[in-house]
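> Shown below is the structure under consideration.
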Amino acid sequence: MTASIETDRLLLRRPAASDVAAMFERYASDPDATRYLGWPRHRSLEDTRAFLAFSDAEWARWPAGPYVIVDRGTSRLLGGTGLAFERADRAMTGYVLAKDAWGRGYATEALRAMVGLARDLGVTRLYALCHTAHRPSWHVLEKCGFAREAARPGAHEFPNLASGDPQDVFCYARAL
């Protein structure tokens, strides 16, 4: 189990109960930060506590799970990332950052750490789904060696978008 990973600027670690308020305030309740995510924006601290329970269950079942992203210099919580396992050799990844952390390379740094972790854990296929309108996310995935495999029309729900209808996504993947 790899409960924490350090990069040049970041500490990625397993979420703890002490993170709930910061997770809620920094990104989980923010309509802009959660716009293109596959989980509903948190409306209360209880929603964030429920996520923590989900996280603990993932960590109990698999060798890794969700991580919070923390600035090593300031100890400020910046966002979240992680691995969502489907089986021991196949996992999905993604990331979310607080708005004041956008455009600083943190998503790229965190995603590279997830790629390295997945490789170390024996994952052979790592993938991410990306809303077709979310260009900044395409860019991060491509910088980290992910290739766009396919467009999947109407394949994914994004509960934070106004329409509520299934949306088009790109599937990005990389072999490890």
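> Here's a check for you: in segment 139-176, which residue that is touching a helix residue (DSSP H, G or I) at 6+ places or on another chain (Cβ under 6 Å) and either under 11 Å from Leu129 (Cβ atoms) or among the basic types (Lys, Arg) (or both) is most open to solvent (accessible area, probe 1.4 Å)?
The residue in question is Lys143.
> Of the residues that make up segment 28-51, is at least one among the basic types (Lys, Arg), open to solvent by 60 Å² or more (accessible area, probe 1.4 Å), in contact (Cβ under 8 Å) with a residue 24 or more places away in the chain and in a helix (DSSP H, G or I)?
Yes, there is a match, as at least one residue in segment 28-51 is among the basic types (Lys, Arg), open to solvent by 60 Å² or more (accessible area, probe 1.4 Å), in contact (Cβ under 8 Å) with a residue 24 or more places away in the chain and in a helix (DSSP H, G or I).
> Quickly run through segment 59-71 and pick out the residues that are open to solvent by 30 Å² or more (accessible area, probe 1.4 Å) and either touching a residue at least 60 places away in the same chain (Cβ under 8 Å) or part of a helix (DSSP H, G or I) (or both).
Ala60, Arg61, Pro63, listed by residue number.
The values are calculated or read from the model by the stated rules, or taken from the named source; none is laboratory data. Computed from a prediction, not measured in an experiment: that's the story for all the values here. Here the Cβ is made from the backbone with ideal geometry for all residues, glycine too, and neighbour counts use every protein chain on show. Quick note on the areas: whole protein, heavy atoms, side chains included, nothing else; ligands and nucleic acids left out. Shrake-Rupley method; radii C 1.70, N 1.55, O 1.52, S 1.80 Å.
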